[in-house]
Amino acid sequence: MRRRAAAPAALAVVLLLVGCAGPPDAADRSYRGMLSTSAAAPGAPSAAPPQTLGQPVVAWVDRPRRFGITLWGSSSCPAIPSRIEAAAPDRVSIRIEPSAGNPCTADLAPTSHEFGIPPGAGTLPLTITLVYAQGERTRTLVLE
């Protein structure tokens, strides 16, 4: 009898947790901090991307197979890349969604996301377009 009474409570907890989950992360790997890269873009190759506070950064992680982006925002509710697709052989589009976490800290922290090149893309230079869900604004970056 006790188990039957506990089942609805357990189901309610699961549904609550699923309802609070944010969009799925399309990145192969996500972590706090700046990218660890082989070459930064734009500009000449370097050991790490430029420290552009608040601006997204794109760089090769393993050229020409893997790249990464660093996004800035709340450390407790980082933006999430929910979809990546090849728009053309030389263009990749990444949809950026807000995190579902609440409440969020009012800090400015980097979060990095790494991706493999999606099928249908790979021609260099590779243009990466970040499409932000909130406000539908875009940001274009280039990998040489």
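Here, each number is a calculation from the coordinates, and none is a lab measurement. Bear in mind the structure is a predicted one, so any value in this text is a computation, not a measurement. Positions of Cβ are generated from backbone atoms using ideal geometry, with glycine treated the same way; all protein chains shown enter the neighbour counts.
Return the Rg/Rh ratio of the stretch 23-143 with Cα-based radii and a Kirkwood Rh.
With Rg and the Kirkwood Rh in hand, the quotient comes to 0.94.
Among Pro110, Leu130, Phe67, flag the residue with its Cα farthest along the positive direction of the charge dipole of the stretch 23-143, charges on Cβ as +1 for Lys/Arg and -1 for Asp/Glu.
About the Cα centre, the residue reaching furthest to the positive side is Phe67.
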